[in-house]
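Working notes, beginning with the structure itself.
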Amino acid sequence: MDLSHYADVIKKLTTLYYEPDFSSLFEQLTEGESKSTRFLIKMEVKRLSTPTRRILDFRQRTTSGVIPYEYDGILHHMMPTAIKLLETLLVQHQGHYTLGVYEEVLAYQVSERSKSVAERDVVTLDPAAAFAVEPVQYASYFIRNEERMHYSSGIKMRIGERFVDAMTSDISTSGIKVKVGKNSDIAVGSLVNVNFSSLRQEYANHFLRDFFAYKLMGIDEEEKFDYLRLMRIDDSTELDTFITTLITQNKSKYKVNVRYQEENVVVKGYEQFFLPRMSGLPLYVSNADKPVLSHLLLNENNRGVYDYWVNEESKSQLEACWQSPWMQTLMQANARIETTIYSFYYTQNGHIYFYAADAQSLAKSGSKALFLAFACQRPNFRVFKLSLNPTVFDEKKHLLEVENQHQALGTQTLAALQDIRWVGLLQDITNENVLNDYKAYAQQGSDFNQLHQYRLPVAEQRAQLSQFKYVQLRKESRFSYKTAIVANDTELSIKGWSNDFSTEGLQVELETPMDVQIGQRIYLELPMLQKLSKKVALANLPYSVVGCNKAKTVLHLQIVGDKATHIGCQFFNLLISSNKDKLKSMPEPSQSPGVTAVLRNMYCHHLATMPLYIHKVNTSYQIDRIGISQCENSLLPLFECFGQAETPYNLYPLLGDNSIRHTLDEALEGLESTYRPWQQVLYITIASSDSAVETRFEKDFDDEHERRQFVSHSLQKGAFFAIQVMLSRTGRPDMEFIEKELNYVSHYAIHRAQKLEDELWRVRGVVDLIDVSEELLYRLGLRRTS
């Protein structure tokens, strides 16, 4: 049977083949056809939708213009016009390279060859087009939290002195979507008064005679009509009740619009992948008159940032920074703050003394060289990036999740949250190059007493700790205890001290870096603790490295072997049981889910870094989502540089070089979801003359001179960015967190729910991008030209 008459139907069905509700769509599109015709159409659609690995190689069929093009591990050679067609077809077929796609591109190439040169299609490929990514607007699910129903009803709109008749497309208590003719000449932001004329006739409610106030938020333009998105600004409770009742009574008759809940699933699902794995420490500052650090939000990856500031009494001294003159000066600004904090500490007579200062205060006071000269000699020298954004507590936004989960907040707890005035992030950006560069400041004969102004006062820990409720909590208590240790690998021994311990592991800090890898086995000796025990030898104790900082001076260790026979485990068990009154347990986060939900929501509104999401597409990895928020971000201009009107965010500056993509792919393959993030610093230059992009990993420079020269020349050529790239492998998606929204979508459109769930299950990794450009320039003594 000749199926040429059904070519359009077959083509349409091949684009729908991988939809969950394909069977019902097939029935609709072939309605009225005989069983035998339907059978033949279905067989042809199935044939065309079969995945293939066939190569499109046109090098023997044309004399010039053929270029290589790789997709899903298959290297094709085609003309730019054929590549453009292939990319269009892949989008239509949801990324599946099928026999039908292959045959269509092949037929197109044959058709082009039959034309004269003047008649052939011409296209200039944009190399950045393949790197467009879809944004995930963090915290955007707060915009709507009520049901919306497709409902067509006549209305009358009043715009100024003009009246316009229109039809609703869908309706909810907070807004309506209105279908109007082209060129309605209504400006976005206009006040639009709406009278529900058809509903008034149908229901004869007296209050429906009135006009209700709406604001035009946007216009969706289509070929024959425009759709106005109107947000209600009227506060009529009668209209609230009427529309809610209308939707409830007509759910079975009219289709409920679940798009807003689909968006909620996507946003909350992607947030959930990133937040438990972010390396920065979200912090919250209260009291506008005298700012104090009031709340901290912990996960397993950022716990090290918090632990660094804990003193010998197991009290965090991070909040002491807010008692320092330099921090008080910073907090006088009512705008976004970004600065670098330098810190170190030393121990004297059993007490730990912290010193800290920010880059601006050191430069203004003339103490930069002196401070860094002492700091860089300390093994505990750290460099942090601090970002702070002013905020105002918004009950409608920030308490939404608390109300949805029926999590009550006490009066005092709520008052403390309402007093938050700044939301920020503290990130450890120390690495080997940072340490080496600052060693250039080392000097002899300086007076250490001149740095007394930067010694932090001893703080009583008052900041409340909260932990993401969806991160697995630590199995056992940790105890703050500093004692001498010696770490041994196969080649050398390095002295250091413990920061804390539990029965099954320790965090140790070394005097000099140890070149270790995650999973590597090392051996500990505990010389001071050995004096307490004559029965067992506290030497050659085997531990595995489960995490370390970039400088490889702070190691997180876990026992190797059975804890019942491990000498270290047995000793620390005895030590803890015999000294419960003396040992100070590390402070653990509170488990108030309501407080955690509020802090989470507030941070999502003020996202300080830029997360990227890696999906597994067939056999390859693909970065196709980027996390953004309403908050300003210094990396946005970089990823908007090659954006287009329909796709404003583009990763070409980051991923245009194939070697960068391969490095990330290889790193991801070597990671487990329990590992700490892989990290490298990447330099990116965009020439202002021709938008040429050049990228180099910091580790790939031969020496310090070459690296400095690259940065200096980049500043002269155009835009320069230094980005700390932190890559983590994700585990399974947290479906429990989005269960409510997903169940709602499933109730009305199960195939859509399945599609959303499949998308989240394909996430394999997250990349956290941290802009460290300003710290690098400060460190090298360089300045931007403009």
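For residue 146, state whether it is of a type in the set (Asp, Glu), modelled with pLDDT under 85 and surrounded by 17 or more Cβ atoms within 10 Å (Cβ to Cβ). It is false that residue 146 is of a type in the set (Asp, Glu), modelled with pLDDT under 85 and surrounded by 17 or more Cβ atoms within 10 Å (Cβ to Cβ).
Considering the conditions (1) free of Cβ contacts under 8 Å to residues at least 60 places away in the same chain; (2) surrounded by fewer than 17 Cβ atoms within 10 Å (Cβ to Cβ), residue 757 is excluded by exactly one of them, (2). For residues that are out of contact with any Phe, Trp or Tyr (no Cβ under 6 Å at 6 or more places or on another chain) and among the acidic types (Asp, Glu), scanning just segment 627-680, find the one that is surrounded by the fewest Cβ atoms within 10 Å (Cβ to Cβ). Step by step, filter segment 627-680, then rank; the result is 646.
Do the conditions hold for residue 702, that is, is it among the acidic types (Asp, Glu) and surrounded by 21 or more Cβ atoms within 10 Å (Cβ to Cβ)? In short, no.
Of all residues in segment 1-51, those satisfying the criterion of being touching a residue at least 24 places away in the same chain (Cβ under 8 Å) and of a type in the set (A, V, I, L, M, F, W, C) are 1, 3, 9, 10, 13, 40, 41, 45, 48.
For segment 691-786, the strands (runs of 3 or more DSSP E) that sit wholly inside it and include 3 or more residues that are farther than 21 Å from residue 613 by Cβ and in contact with a helix residue (DSSP H, G or I) (Cβ under 9 Å, 6 or more places away or on another chain) are 693-697, 718-729. In segment 243-253, the residue that is modelled with the highest pLDDT out of those that are of a type in the set (Ser, Thr, Tyr) and under 37 Å from the mean Cα position of the chain (by Cα) is 244.
Of the residues making up segment 212-224, those that are aromatic (Phe, Trp, Tyr) and surrounded by fewer than 15 Cβ atoms within 10 Å (Cβ to Cβ) number 0.
Working carefully through the options 453, 472, 443, 407, find the one that is closer than 30 Å to residue 348 by Cα, modelled with pLDDT under 75 and surrounded by fewer than 20 Cβ atoms within 10 Å (Cβ to Cβ). Selected residue: 443, the only one of 453, 472, 443, 407 that is closer than 30 Å to residue 348 by Cα, modelled with pLDDT under 75 and surrounded by fewer than 20 Cβ atoms within 10 Å (Cβ to Cβ). For beta carbons closer than 8 Å, sequence separation of 6+ or different chains, a first residue in segment 173-198 that is under 25 Å from residue 247 (Cα atoms) and a second that is aromatic (Phe, Trp, Tyr) and assigned to a loop (DSSP other than H, G, I, E, B), the qualifying pairs are 193/211; 194/211; 195/211.
Out of all the residues in segment 284-292, is one or more at pLDDT below 90 and of a type in the set (A, V, I, L, M, F, W, C)? Taking every residue of segment 284-292 in turn, at least one turns out to be at pLDDT below 90 and of a type in the set (A, V, I, L, M, F, W, C). On the stretch given as segment 62-100, residues that are more than 34 Å from the chain's Cα centre (by Cα) and at pLDDT 90 or above total 2.
Taking (1) within 30 Å of residue 330 (Cβ to Cβ); (2) among the small types (Gly, Ala, Ser); (3) crowded, with 21+ Cβ neighbours inside 10 Å; (4) at pLDDT below 90 in turn, residue 280 satisfies each apart from (4).
The values are calculated or read from the model by the stated rules, or taken from the named source; none is laboratory data. Note that this is a predicted model, so its numbers are computed, not measured. Neighbour counts are summed over all protein chains in view; Cβ atoms, including those assigned to glycine, are modelled from backbone coordinates with ideal geometry.
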